[in-house]
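Asker: Take a look at this one; I'll ask things after.
The values are calculated or read from the model by the stated rules, or taken from the named source; none is laboratory data. Nothing here was measured: the structure is a model prediction, and the numbers come from that model. Every residue, glycine as well, gets a Cβ built from its backbone with ideal geometry; the counts of neighbours run over all protein chains shown. Heavy atoms of the whole protein, side chains included, go into the accessibility calculation; ligands, DNA and RNA do not. Shrake-Rupley method; radii C 1.70, N 1.55, O 1.52, S 1.80 Å.
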Number of protein chains: 10
Amino acid sequence: MTQQQLTETLFAAKKQKGLRFADLETQLGRDEVWIAALFYGQASASAEEAEILGRALDLDAGAVGALQDYPLKGLGPMVPTDPLIYRFYEILQVYGMPLKAIIQEKFGDGIMSAIDFSMDVEKQSDPKGDRVHISMSGKFLPYKKW
Amino acid sequence: MTQQQLTETLFAAKKQKGLRFADLETQLGRDEVWIAALFYGQASASAEEAEILGRALDLDAGAVGALQDYPLKGLGPMVPTDPLIYRFYEILQVYGMPLKAIIQEKFGDGIMSAIDFSMDVEKQSDPKGDRVHISMSGKFLPYKKW
Amino acid sequence: MTQQQLTETLFAAKKQKGLRFADLETQLGRDEVWIAALFYGQASASAEEAEILGRALDLDAGAVGALQDYPLKGLGPMVPTDPLIYRFYEILQVYGMPLKAIIQEKFGDGIMSAIDFSMDVEKQSDPKGDRVHISMSGKFLPYKKW
Amino acid sequence: MTQQQLTETLFAAKKQKGLRFADLETQLGRDEVWIAALFYGQASASAEEAEILGRALDLDAGAVGALQDYPLKGLGPMVPTDPLIYRFYEILQVYGMPLKAIIQEKFGDGIMSAIDFSMDVEKQSDPKGDRVHISMSGKFLPYKKW
Amino acid sequence: MTQQQLTETLFAAKKQKGLRFADLETQLGRDEVWIAALFYGQASASAEEAEILGRALDLDAGAVGALQDYPLKGLGPMVPTDPLIYRFYEILQVYGMPLKAIIQEKFGDGIMSAIDFSMDVEKQSDPKGDRVHISMSGKFLPYKKW
Amino acid sequence: MTQQQLTETLFAAKKQKGLRFADLETQLGRDEVWIAALFYGQASASAEEAEILGRALDLDAGAVGALQDYPLKGLGPMVPTDPLIYRFYEILQVYGMPLKAIIQEKFGDGIMSAIDFSMDVEKQSDPKGDRVHISMSGKFLPYKKW
Amino acid sequence: MTQQQLTETLFAAKKQKGLRFADLETQLGRDEVWIAALFYGQASASAEEAEILGRALDLDAGAVGALQDYPLKGLGPMVPTDPLIYRFYEILQVYGMPLKAIIQEKFGDGIMSAIDFSMDVEKQSDPKGDRVHISMSGKFLPYKKW
Amino acid sequence: MTQQQLTETLFAAKKQKGLRFADLETQLGRDEVWIAALFYGQASASAEEAEILGRALDLDAGAVGALQDYPLKGLGPMVPTDPLIYRFYEILQVYGMPLKAIIQEKFGDGIMSAIDFSMDVEKQSDPKGDRVHISMSGKFLPYKKW
Amino acid sequence: MTQQQLTETLFAAKKQKGLRFADLETQLGRDEVWIAALFYGQASASAEEAEILGRALDLDAGAVGALQDYPLKGLGPMVPTDPLIYRFYEILQVYGMPLKAIIQEKFGDGIMSAIDFSMDVEKQSDPKGDRVHISMSGKFLPYKKW
Amino acid sequence: MTQQQLTETLFAAKKQKGLRFADLETQLGRDEVWIAALFYGQASASAEEAEILGRALDLDAGAVGALQDYPLKGLGPMVPTDPLIYRFYEILQVYGMPLKAIIQEKFGDGIMSAIDFSMDVEKQSDPKGDRVHISMSGKFLPYKKW
């Protein structure tokens, strides 16, 4: 079972059950963004998490096992063409250097971890048009000197 | 005066004055991330904003004028090598498709605007290591049908 | 059913029925360019639109359902080799910067939306050779300051 | 005098004179988009056009001569990072294949010329937000058989 | 039937019949280069031309129909590795700018059309080694001003 | 003296003298395309040829010497953006494989030399629009077996 | 039968027969490097050579016929990752310009042919470690002037 | 003194002295290919070698010192456009996999060193056209197991 | 049996047997990193090693034979997107030039071999978080002069 | 003062003083690899460290200040051509996936930090040829779930 097959299996099962990621969030006790990452093989489940998902989505043992593997991460391509995903790339092009300047001024020489990291997406109602609100939280890692 | 010269002038003046972006935020009434974007030519100032900055940083008339131009945006390269900036690119590689799945489930077919958009950076103290907290807010734009 | 299979199914059904996009425009009440975008998975149909198309083209339930999905957009490659499509890329190479200069002079710092956007194609008879007339209409989005 | 120097000279002179492209359109009897293309070396002026521009912008003889040259066209890069210009590239990614399908259905096998071509940009007032309206007109060129 | 399958079918039929492109040129009344382009889906046949080829090569109705389609053109890759094809790319690298200089001096600002275009290949016997003689004829298209 | 400086010097001198490449063809006894290639450093002159050109264009000794050097050839970039030059690249994309098929059918396994090669450009008057006529002649080189 | 299938068939047959390229060199009267190139579709056999190989390797008629085709050459990718092949690419990176300088000093403006070309590989015993000895011989082709 | 300046200085001095690489080979006791590599900064001289070259070419102390540095190697670009150098790249494209097959059959799993490596270029007179003869000798390095 | 199939077979067998690479290290007398490289076709086994692995993992004769082949090495892509692998690429971006400076200062002009090379991975317990410890040992190869 | 100027200043001062990185290691109490990284702007000094280096190398105040900045990291290019640096890239190509397999088996889903990271280079004498010994130590960072 390749990762792509697993991803298709998971999305098909979710569609058939009529579940939203928010429903899985309730059942699994994990954020919906993390669960979507798991669907794409960008995160890996514990045995217990895999079994809860397996029951929620009627998965067979092979899929339950595969949810615990660590596939190659990164969904590339280098520069995304999908407009929704590209906008995040553009934010990086336009605001990447300013972000670096601000983070270094506040924290010193180092990075925000993309591993000890979480992300949340919310819908904010607004009469001028709803807004997507994204918050990211990553541990600051200072460069080690030796 | 090229954009690169303007950027260098602005950073040198800020260093000489001993100002932080947070200080400029207070004087200008704009968020420090936006001001850093202005330093890199990724945003443009109104005449009034340019003059406030000009006084704060002792800029000459040429620099004050150049702050109001609209240069080519995008700080490239395609795939950044700086570790701090790359982490954001990696987040896009790892969590881009999950983000798309969540946003489309919540909002329908469309994108989060990178233009009607703002971003905030905060330092969160944490005994296990300080955390970088970033929040982004972008208007949801549904695809027009015609 | 992959997007490519759906696209092939749609084009084959349209050919078999002897329909032109202009005929589908009449039945669906949507512009033919938008319908062609739907054929390629670059737009998504409402349930009602999908059913009208399903009847017009004798599609099965799977195809009718797939018309409502949101696939990855962008038909790549980065630089198109097909001469008809390349000409639009060349227009961007030659007239992209002039367009930016004119739009910014008329509107200020911002972009023309590619989401709140529509496009129309017409054939203009001309004794020196027919002309392709394309009109695009996109909402102007000014850069938010914060 | 390189093309880049000529471009900078032209924009500086236009700024100093307080002229808009629309003003030059009136004086030169050419569309403002075409004039902006001339500023970037993507079009070439006749001797008469160069002299009118020379008078309007107080150019020296070298600049007037250079306006009549044919520099290398194409303002690259391959994939633009400036958000305003990128949106046109994205339109090509999303609607390029649909455009091909519509144009070939209406005209047969061939292309829309990017040489026997003109383009117009207008500002349309709209209470929900002004719109950029672009119209393109290119001669249809059918593929020659031999 | 994909274009690649059609191409393979055509070449296999031609091999089985023991025909050379020059033979097809006689039967079809089209140049052999154009016919080879048709084999690769870079040109499209009229209904009559498709039927003549169908009879000459014993094609079934599906192939005869497919010869009249307009597939995506361009046989890529960007830089060819096959030595025979690369030499033409090298000619473009070495003599492209000189060609531009000569054509512009003779014709003014414009291009040689690759659409209203034909090409011929001949074998010239030569005691020092046979020569490939290629002649290209393309309509000159002057840049439109507007 | 870099090749770029030499190229600029040669074009400036030719402009000042009011000479066309066709005039230099007469004086030098070499085809105008070859002379334009020499201007761009894609060909190298003999001492005698360099001196004739030096007298025709009033070059100094350094330029006359540099005309006899062998600079790095290839005017790149990989994919040209200038429309006039791109059309030749497009011809290669569209007709490259057909050319290979025809040449191999006529000559066997081998290539057309781009070294033992000459090229000619002519203007053909035509009431429907003048045509660019290009003829190329290259020695066929069969693959050596060993 | 694709080229890849032919290559796999040839290597499998050679393995089953327990033959080395040196054995095929003896039977065919061609150098082992050339025979390996034939295995990869980078060279083409005469009818007689194909039949000798067919007998030596028990090939069927399809394979014997396919050995006489002229497939697309070039085994890509652009920059090889296999360490053995990369070393030759590195030699080109490090010694390419020096080679050009030496060859041009000895021969004038031109190239070493890669078509009228042969190559030989030998094993040289050496107490400090065996050495790979490669000799290449290519016809010098002077640039034609016209 | 950058490497490029050093390279230009060395070639200018060699030209002024009227020396060929073969003359430097005699004075230095090193092969002319290696000396050309030294000119391009792809090899480094011992103090003694640098002084001999310094005397032969009338170099100043700075150049003599710089000849002993170890600059970044590799003369790029990834795919060369110069026809003389490209032919070696093409040889790698066409004969790289065959070379790998032959070397592995003769030596086992490993590579030919590009470091413990030497190369020689000779001119072979031939009535059908002179030939370039290149011989390479590199130590075979078997893959270490651990 | 392609390399990818062999890799999948080996990982599946290892999973079914409940073996860790450390267990195979004990049985085979080779380091676990080398064994993992063998799983991916980046190293080749002797007949004896292949048989021990075959018994440990219940492989059939085809797999045992394939373990002794020499496939194309290099697992690409050019720039890895998997975060674990990318970190090593980043180390090369950040510390590559410093490494070159240190190695050349200690050893002179040459390289560390990637062929006569071994690598070891250990887990170091640490109260502040376990650490990955990697040691590499490669023979220094000085550049040969000739 | 650009980073490149700072790098050149530092190397020139170190050469003039006749210091090795090992000498600076003694004076600064930091590893020589880290100091070389500082020379290339890949690390940043504290005020105290910058002053010690400033005294050791007779730097002016501008250089001492610049040592404390945080420049853009990453020394590019994407794929290095220098043989010494390329070998590390090759190790990543050949052993990257095996490393991932081993690290994940030992530690679970996560990465080795390139920030909380140190590296050491030693020369090991060996009668068969000296060896480069490199040890890397990076904190293991497990993927956060949320």
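Asker: Cross-link candidates for I:Lys17: which aspartates and glutamates have Cα within less than 17 Å, leaving aside residues fewer than 8 places away along the same chain?
Answerer: A:Asp69, I:Glu8, I:Glu25, I:Glu32, I:Glu51, I:Asp58, I:Asp60, J:Glu105
Asker: A follow-up question, please. What are the ³J(HN,Hα) values, in whole Hz, obtained from phi via the Karplus relation 6.51 cos²θ - 1.76 cosθ + 1.60 with θ = phi - 60°, for each residue of segment E:29-45 in sequence order, with x given for Gly and Pro?
Answerer: Coupling constants for segment E:29-45: x, 10, 5, 5, 5, 4, 5, 5, 5, 4, 4, 8, x, 9, 9, 10, 8 Hz.
Asker: Determine one quarter of the surface area of the Cα convex hull of segment H:83-142, which equals its mean projected area, and express it in nm² to one decimal.
Answerer: Computing the convex hull of the Cα atoms and averaging its projections yields 5.3 nm².
Asker: Also: Per residue of segment F:125-141, in order, report the coupling 6.51 cos²θ - 1.76 cosθ + 1.60 (Karplus, θ = phi - 60°) as ³J(HN,Hα) in whole Hz, putting x for Gly and Pro.
Answerer: These are the phi-based 3J(HN,Hα) values: 5, 8, x, 8, x, 4, 10, 8, 10, 10, 10, 10, 9, x, 5, 7, 10 Hz.
Asker: So what is the accessible area of segment H:11-94 per residue, in Å², with the probe set to 1.4 Å?
Answerer: On a per-residue basis, segment H:11-94 sits at 38 Å².
Asker: I've got another one for you. Rounded to the nearest Å, what's the spacing between the alpha carbon centres of segment F:69-146 and segment A:92-129? Just the number, please.
Answerer: Taking the Cα centre of segment A:92-129 as reference, the centre of segment F:69-146 is 51 Å away.
Asker: A further question follows. With θ set to phi - 60°, apply the Karplus curve 6.51 cos²θ - 1.76 cosθ + 1.60 along segment C:11-25 and write out the HN-Hα couplings as whole Hz, x wherever there is a Gly or Pro.
Answerer: 5, 5, 5, 4, 5, 5, 7, x, 9, 9, 4, 4, 5, 5, 4
Asker: Let me ask another. Could you state how much accessible area I:Ser125 has, in square angstrom rounded to the nearest 10, with a 1.4 Å probe and all protein chains kept in place?
Answerer: Accessible area of I:Ser125: about 110 Å².
Asker: Semi-axes of the equivalent ellipsoid of segment H:60-102: what are they in whole Å, largest first, if each equals the square root of 5 times a C-alpha gyration tensor eigenvalue?
Answerer: Numbers: eigenvalues 225, 39, 14 Å².
Listed largest to smallest, the semi-axes of segment H:60-102 are 34, 14, 8 Å.
Asker: A further question on this structure: Could you let me know the centre-to-centre spacing of segment B:1-16 and segment E:13-34, using Cα atoms, in angstrom?
Answerer: Each part's Cα centre sits 68 Å from the other's.
Asker: Mind grabbing the interface size between C and D? I mean buried accessible area, both sides, 1.4 Å probe, in Å² to the nearest hundred.
Answerer: Looking at C and D, the buried total is near 7000 Å².
Asker: Enter the accessible area of J:Phe11 (Å², nearest 10), with the probe set to 1.4 Å and all protein chains included.
Answerer: Approximately 60 Å² of J:Phe11 is accessible to the 1.4 Å probe.
Asker: With a bin width of 5 angstrom, please list the P(r) values of chain I as percents of all Cα-Cα pairs, from the 0 bin to the one holding the largest distance.
Answerer: Here the calculated profile for chain I is 2, 8, 13, 17, 17, 15, 13, 8, 5, 2, 0, 0.
Asker: So, one more: For segment D:1-79, what % of the accessible area comes from carbon and sulfur atoms, probe 1.4 Å? Please list the in-between numbers first.
Answerer: On the way: 1820 of 3700 Å².
In segment D:1-79, the share of accessible area belonging to carbon and sulfur is 49 percent.
Asker: For chain H, with only Lys/Arg (+1) and Asp/Glu (-1) charged at the beta-carbon, what is the dipole magnitude about the Cα centre, in debye rounded to 20?
Answerer: 440 debye
Asker: Next question. For the pairs D:Lys145/E:Lys139; A:Lys128/D:Lys128; D:Lys73/F:Lys73; H:Lys139/I:Lys144; B:Lys106/D:Lys128, note any where the Cα-Cα span goes beyond 18 Å.
Answerer: D:Lys73/F:Lys73; B:Lys106/D:Lys128
Asker: A follow-up question, please. Average the reciprocal distances over every distinct pair of alpha-carbons in segment H:3-66, invert the result, and give the Kirkwood radius in Å.
Answerer: 11.4 Å
Asker: Give the angle, between 0 and 90 degrees and rounded to the nearest 10, that separates the Cα long axis of helix A:83-107 from the longest principal axis of the Cα atoms of chain A.
Answerer: The helix A:83-107 is inclined about 50 degrees to chain A.
Asker: Using a 1.4 Å probe, how large is the accessible area of D:Trp146, given in Å² and rounded to the nearest 10?
Answerer: Ignoring ligands and nucleic acids, D:Trp146 comes out at about 40 Å².
Asker: Another question about this same structure. Specify, for chain C, the residue whose C-beta is closest to the rotation axis mapping it onto chain F, with the distance given in whole Å.
Answerer: Closest Cβ to the C-to-F rotation axis, residue and whole-Å distance: C:Val79, 3.
Asker: Next question. Determine the dipole magnitude for segment A:83-142: charges of +1 sit on the beta-carbon of Lys and Arg, -1 on that of Asp and Glu, nothing else is charged, the reference point is the Cα centre, and the result goes in debye to the nearest 20. Each step should come with its number before you reach the end.
Answerer: Working: 7 positive and 8 negative charges, 19 e Å.
Result for segment A:83-142 is approximately 100 debye, rounded to the nearest 20.
Asker: Under 5 Å between amide H atoms, partner at least 5 residues away or on a different chain: which partners does C:Tyr70 have, H built in plane at 1.01 Å?
Answerer: Those lying under 5 Å, H to H, from C:Tyr70: there are none.
Asker: Follow-up. Give the dimensionless ratio obtained when the Cα radius of gyration of segment B:24-109 is divided by 2.2 N^0.38 Å.
Answerer: Rg over 2.2 N^0.38 Å, computed on Cα atoms: 1.48.
Asker: Debye sum, Cα scatterers, the protein assembly as shown, no solvent: what log₁₀ I/I(0) at q = 0.05, 0.06, 0.07 1/Å?
Answerer: -0.43, -0.64, -0.91
Asker: For the protein assembly as shown, what does the helix formula give at 222 nm: sum of -39500 (n - 2.57) over DSSP H segments with n ≥ 4, over the residue count, nearest 500 deg cm²/dmol?
Answerer: The helix-only estimate for the protein assembly as shown comes to -15500 deg cm²/dmol at 222 nm.
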